[in-house]
Amino acid sequence: MFCRLIVALALAAVTATVSPLVLAQAAAAPTKAAPAKGGDDAHRKDDIRKHRQMARAHEEAAQCLEGGEKESVCHERLRAACQGIAVGRYCGMRHAH
């Protein structure tokens with residue numbers, strides 16, 4: 001749920017609108033993270049790696065669009081870069097066009 005919240009808040013910041021659902025999720029989110037336990041450390045490191053990989057893929061997609069490529073070309077590159085680490089057609093993020 002925390003990852004979805006982060007993505008929702010990032011999307012809200014990009015679009016400069018915050019839906020009531022995003023605000024409700026933010027209010028319900030815990031304010032303090034629980035300390036990582038022995039077995040959770042590897043999972044946490046893997047999550048961090050995946051988030052960084054997704055961030056790089058999205059930055060590359062933005063640069064692709066800024067470079068004048070067709071949206072379909074940039075989205076295909078994004079899908080390829082995120083294969084195996086994210087869900088959905090847009091690497092775990094939803095876009096409103």
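The values are calculated or read from the model by the stated rules, or taken from the named source; none is laboratory data. Everything numeric in this text was worked out from a predicted model, so none of it was measured. For neighbour counting, all protein chains shown are included, and Cβ atoms are generated from backbone atoms with ideal geometry for every residue, glycine included. The protein model used for the area step is the full one, side chains on, heavy atoms only, and it has no ligands, DNA or RNA in it. Shrake-Rupley method; radii C 1.70, N 1.55, O 1.52, S 1.80 Å.
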List pairs: first residue in the stretch 44-64 and among the small types (Gly, Ala, Ser), second residue open to solvent by less than 50 Å² (accessible area, probe 1.4 Å) and outside any helix (DSSP H, G or I) anywhere in the structure, Cβ distance under 9 angstrom, at least six positions apart or on different chains. 57/85; 57/86; 57/91; 61/90; 61/91
For residues that are open to solvent by 80 Å² or more (accessible area, probe 1.4 Å) and of a type outside the set (Lys, Arg), scanning just the stretch 72-92, find the one that is farthest from residue 43 (Cα to Cα). 76
Let me spell it out: the conditions are (1) modelled with pLDDT under 85; (2) open to solvent by less than 100 Å² (accessible area, probe 1.4 Å), and residue 31 meets all of them except one. Which number is the exception? (2)
